[in-house]
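To start, the structure under review is shown below, and the notes come after it.
Laboratory data are not the source of any read-out in this text; all were calculated from the coordinates shown. Just so you know, these numbers come straight off a predicted model, no measurement behind them. Neighbour counts are summed over all protein chains in view; Cβ atoms, including those assigned to glycine, are modelled from backbone coordinates with ideal geometry.
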Amino acid sequence: MSSVYESIMTGLAEAIDDAKSKDKKLQRRVVTILPVKEYEAAEIKEIRKRTGLSQKLFAGYMGVSDKTVEAWESGKNKPSGVASRLLTMMEMNSELTKEFPFVQITKE
């Protein structure tokens with residue numbers, strides 16, 4: 001356990017020295033989280049159509065009701081939070097539903 005403590009203390013000392021120094025030696029990163037996109041009805045419908053899923057299957061994939069997808073596509077409601085993030089992921093990668101198949105379609 002003392003080696004973990006020593007490692008933490010060494011890292012902390014390095015960070016303090018670097019913060020006080022004019023010559024920054026430790027690597028720094030800036031992390032930016034993009035804001036949640038607000039989708040219009042036509043955009044949602046286009047994303048769904050690119051997936052090749054019906055409203056019912058798309059709703060199942062998104063984890064929402066059929067009525068919710070209908071409301072999004074008619075402009076009565078707008079997705080928010082996690083649903084918007086998932087739509088953004090689908091917009092960026094139209095193969096997402098194939099890569100992460102939460103809905104399985106089988107031939108009878």
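Please work out if residue 16 is more than 30 Å from residue 103 (Cβ to Cβ) and either basic (Lys, Arg) or surrounded by fewer than 15 Cβ atoms within 10 Å (Cβ to Cβ) (or both).
Details: more than 30 Å from residue 103 (Cβ to Cβ): yes; either basic (Lys, Arg) or surrounded by fewer than 15 Cβ atoms within 10 Å (Cβ to Cβ) (or both): yes.
Taking the combined requirement at face value, the residue satisfies it.
Pairs under 6 Å by beta carbon, first residue farther than 10 Å from residue 78 by Cβ in segment 28-54, partner among the acidic types (Asp, Glu), six or more apart or different chains?
From residues that are farther than 10 Å from residue 78 by Cβ, the pairs are 45/73; 47/91.
Out of the helices (runs of 4 or more DSSP H) lying entirely within segment 57-102, which hold 2 or more residues that are farther than 16 Å from residue 34 by Cβ?
Working: elements: 66-74, 81-92, 96-99.
Hits in segment 57-102: 66-74, 96-99.
With the requirement that a residue be assigned to a loop (DSSP other than H, G, I, E, B) and either under 30 Å from residue 14 (Cβ atoms) or touching a helix residue (DSSP H, G or I) at 6+ places or on another chain (Cβ under 8 Å) (or both), what does segment 39-51 give you? Show your work before the answer.
The first filter runs over segment 39-51 and keeps only residues assigned to a loop (DSSP other than H, G, I, E, B), leaving 39-40.
Selection gives 39 alone.
Can we say residue 73 is surrounded by fewer than 17 Cβ atoms within 10 Å (Cβ to Cβ) and either touching a His at 6+ places or on another chain (Cβ under 7 Å) or not aromatic (Phe, Trp, Tyr) (or both)?
Details: surrounded by fewer than 17 Cβ atoms within 10 Å (Cβ to Cβ): no; either touching a His at 6+ places or on another chain (Cβ under 7 Å) or not aromatic (Phe, Trp, Tyr) (or both): yes.
The answer is no for residue 73.
Which one of these is more than 32 Å from the chain's Cα centre (by Cα) and either in a helix (DSSP H, G or I) or not polar (S, T, N, Q) (or both): 30, 4, 36?
Working: 30 fails: more than 32 Å from the chain's Cα centre (by Cα); 36 fails: more than 32 Å from the chain's Cα centre (by Cα).
Testing whether each residue is more than 32 Å from the chain's Cα centre (by Cα) and either in a helix (DSSP H, G or I) or not polar (S, T, N, Q) (or both) leaves just 4.
Would you point out the residue of segment 2-13, among those that are of a type in the set (S, T, N, Q) and surrounded by 10 or more Cβ atoms within 10 Å (Cβ to Cβ), that is nearest to residue 28 (Cα to Cα)? Let's see the steps before the verdict.
Here is the first cut: in segment 2-13, the ones of a type in the set (S, T, N, Q) are 2-3, 7, 10.
Keeping just the survivors that are surrounded by 10 or more Cβ atoms within 10 Å (Cβ to Cβ) gives 7, 10.
On the way: 7: 20, 10: 18 Å.
Among those that are of a type in the set (S, T, N, Q) and surrounded by 10 or more Cβ atoms within 10 Å (Cβ to Cβ), it is 10.
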